[in-house]
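Chemist: Shown below is the structure under consideration.
Each reported figure results from applying straightforward, stated rules to the coordinates on display, with no laboratory input. Quick caveat, the model's predicted, so the values are computed rather than measured. Cβ: placed from backbone, ideal geometry, glycine included. Neighbour counts: every protein chain shown.
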Amino acid sequence: MGVAYSRVLLKLSGEAFAGNYGYGIDPGFLEYISHQIKEVYDLGVQIAIVIGGGNIFRGFQGEEIGIDRATADYMGMLATVINALALQSALERHTQIPTRVLSAIEMRQVAEPYIRRRAVRHLEKGRVVIFAGGTGNPFFSTDTAGALRAAEINAEVLIKATKVGGIYDKDPKKHPDAVLIKEISYLEVINRGLQVMDHTALTLCKENQIPVIVLNISEKGNLKKAILGENIGSIVKG
């Protein structure tokens, strides 16, 4: 069976790592997501991953307790490194997939420094690449980091893994009558103020013509179905 995308960037939120715990790292989620990634890996797809850190620390939390924004954002970036190392360990333990963590913040004892050509070479050699440390700069979200890395490695699609079925016209958790939008343009997402990704991330995807698929990662097989080109979740393009 042919795949629709041969090189993908998967964006995972830090909140997903907390699973049912609400905070920290849920080992059950690590095992689950490892097997979902393995299904795609077995199709011969090159996989890069960007992870958030919201299950451990978010920048705005620092501001609330008197830490300046730049410092708080760096703390959030360090949280993404913790998640990246946890996912690397889980992938190698549960699926035996060779995995590399590349960090935008240099810390050679635990991760390789981010170098674009090195990242691409790892992908070409069949390794899953996890990008940690966001963009390496404060004031940018991990969504923006995902869009930036997707452009740098020439990913054919950015898949944003969420806890809902896709993009809705309003928050489905608060409004039972919310309508799923199957396809929408980058500009329409921005103009309608839909909470998909921040504007910087969307603009990067638009300028580089990288489609964004938003899907519910908690439903088994959704990631594989999206890679195979099935009509899963919502897609932003055009």
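Chemist: What's log10 of I(q)/I(0) for region 60-107 at q = 0.26, 0.29, 0.32 Å⁻¹, Debye sum over Cα points only, no solvent?
Modeler: Rounded to two decimals, the profile gives -0.89, -0.99, -1.08.
Chemist: Say the dipole of region 7-236 comes from +1 at the beta carbon of Lys and Arg and -1 at that of Asp and Glu; which of Val81, Gln46, Thr200 then lies farthest toward its positive end?
Modeler: Looking along the dipole axis, the top candidate is Gln46.
Chemist: Another question, if that's okay. For region 155-219, how big is Rg over Rh, using alpha carbon atoms and the Kirkwood form of Rh?
Modeler: Rg divided by Rh gives 0.96.
Chemist: By Kyte-Doolittle mean hydropathy of at least -1.0 and Cα axial length of at least 30 Å, which whole DSSP H helices of the chain are selected?
Modeler: The qualifying helices are 69-94.
Chemist: Follow-up question, since we're still on this one. Below 8 Å between Cα atoms, with a sequence gap of 6+, how large is the relative contact order for the chain in percent?
Modeler: 22
Chemist: Just subtract the alpha-carbon distance of Ser89 and Arg121 from 0.36 nm times their residue separation and send over the number in nm, one decimal.
Modeler: So the extension gain works out to 9.4 nm.
Chemist: Calculate the dipole size of the chain relative to its Cα centre from +1 charges on Lys and Arg beta carbons and -1 charges on Asp and Glu beta carbons; express the result in debye to the nearest 20.
Modeler: 580
Chemist: Moving to a separate point now. Which whole-number percent of Cα pairs in region 101-238 have a distance greater than 18 Å?
Modeler: 60
Chemist: Over the Cα atoms of the chain, how large are the radius of gyration and the largest Cα-Cα distance (Dmax), in Å?
Modeler: Calculated on Cα positions, Rg and Dmax stand at 16.7, 54 Å.
Chemist: Another question, if that's okay. How much length would be gained if the chain were fully extended between His175 and Ala4, taking 0.36 nm per residue of separation minus their Cα-Cα distance, in nm to one decimal?
Modeler: 58.3 nm
Chemist: Still on this structure, I have one more. Could you put Arg149, Arg117, Arg7 in order, starting from the residue whose Cβ has the fewest other Cβ atoms within 10 Å?
Modeler: The fewest-first ordering by Cβ neighbours comes to Arg117, Arg7, Arg149.
Chemist: What does the charge count near Lys173 come to, summing +1 for each Lys or Arg and -1 for each Asp or Glu among other residues with Cβ under 14 Å from its Cβ?
Modeler: Taking every other residue near Lys173 into account, the sum is -1.
Chemist: Could I ask something else about it? Considering only Tyr21, Gly59, Thr142, whose Cα is most displaced toward the positive end of the charge dipole of the chain, charges sitting on Cβ of Lys, Arg (+1) and Asp, Glu (-1)?
Modeler: Thr142
Chemist: I would also like to ask the following. Cβ under 15 Å from Ile184's Cβ, Ile184 left aside: what net charge do those residues give with Lys, Arg +1 and Asp, Glu -1?
Modeler: Its environment carries a net charge of +3.
Chemist: With the Cα gyration tensor of region 1-111 in hand, give its eigenvalues times 5 under a square root as the equivalent ellipsoid semi-axes, listed largest first in whole angstrom.
Modeler: 28, 15, 13
Chemist: Can you give the relative contact order of region 1-91 as a percent, counting alpha carbon pairs under 8 Å and 6+ residues apart?
Modeler: Relative contact order of region 1-91: 33 percent.
Chemist: Would you list Asp143, Asp171, Asp26, Asp198 from fewest to most Cβ contacts within 10 Å?
Modeler: Asp171, Asp198, Asp26, Asp143
Chemist: Using DSSP to define loop residues, name the GluC sites (Glu not before Pro) in region 52-109 whose beta-carbon has at most 12 other beta-carbon atoms within 10 Å.
Modeler: Taking region 52-109 and a limit of 12 other Cβ atoms within 10 Å, the loop GluC sites (Glu not before Pro) found are Glu106.
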